[in-house]
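Below you'll find the structure, written out as structure tokens, and then a few comments.
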Amino acid sequence: MKNKVYLVTFKPTSHRTAEENLGLQYLAAVLEKEGYKAEIRDAWLDETLSQDSIFSEIESEKENILFVATSSYMLNNKTTCDFISNLSRQNINVVAGGYG
């Protein structure tokens, strides 16, 4: 049974300091309450995460993944759209949200 959900956001090109994405935290809490395993990959808070590393992790787990949700700002839209394109080519379901 597919019971894992990845919640992903990328670092925007900005002068702003990193900030926690509370939307992803709220979604994770609700998903876990309903019995799903939520994995947050916040590349704004963890600069060691790259688009490629997150994609590789998801690709290796895709048989367990129900969907991948992305949260986008205007300043990371291109990265997010490229990421979604890669997921779509692997037939991985995507939900997109955020300010962007």
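Couple of notes before you dig in:
- Residues being more than 22 Å from Glu19 (Cα to Cα), of a type outside the set (Asp, Glu) and touching a strand residue (DSSP E or B) at 6+ places or on another chain (Cβ under 7 Å) - total across the stretch 48-82: 5
- Looking at Thr80, Thr17, just one residue is out of contact with any helix residue (DSSP H, G or I) (no Cβ under 6 Å at 6 or more places or on another chain), under 18 Å from Tyr99 (Cα atoms) and surrounded by fewer than 20 Cβ atoms within 10 Å (Cβ to Cβ), and that residue is Thr17.
- The stretch 20-43 residues that are in a helix (DSSP H, G or I), paired with ones that are at pLDDT below 95 and open to solvent by less than 90 Å² (accessible area, probe 1.4 Å) (beta carbon under 6 Å, 6 or more apart): Gly23/Ser71; Leu24/Ser71
- Out of Ser72, Ser56, Ser50, Ser85, sole residue that is within 14 Å of Tyr99 (Cβ to Cβ) and either β-branched (Val, Ile, Thr) or open to solvent by less than 70 Å² (accessible area, probe 1.4 Å) (or both): Ser72
- Of the residues making up the stretch 20-40, those that are open to solvent by 40 Å² or more (accessible area, probe 1.4 Å) and under 14 Å from Val5 (Cα atoms) are Gln25, Tyr26, Leu27, Ala29, Val30, Glu32, Lys33, Glu34, Gly35, Tyr36, Lys37, Ile40.
- Residue match in the stretch 59-68 (condition: modelled with pLDDT of 95 or more, of a type outside the set (A, V, I, L, M) and crowded, with 18+ Cβ neighbours inside 10 Å): no
The values are calculated or read from the model by the stated rules, or taken from the named source; none is laboratory data. None of these values were measured; they are calculated from a predicted model. Neighbour counts run over all protein chains shown; Cβ positions are idealised from the backbone, glycine included. When the accessible area is computed, the model is the full protein with side chains, heavy atoms only, and any ligands, DNA or RNA have been set aside. Shrake-Rupley method; radii C 1.70, N 1.55, O 1.52, S 1.80 Å.
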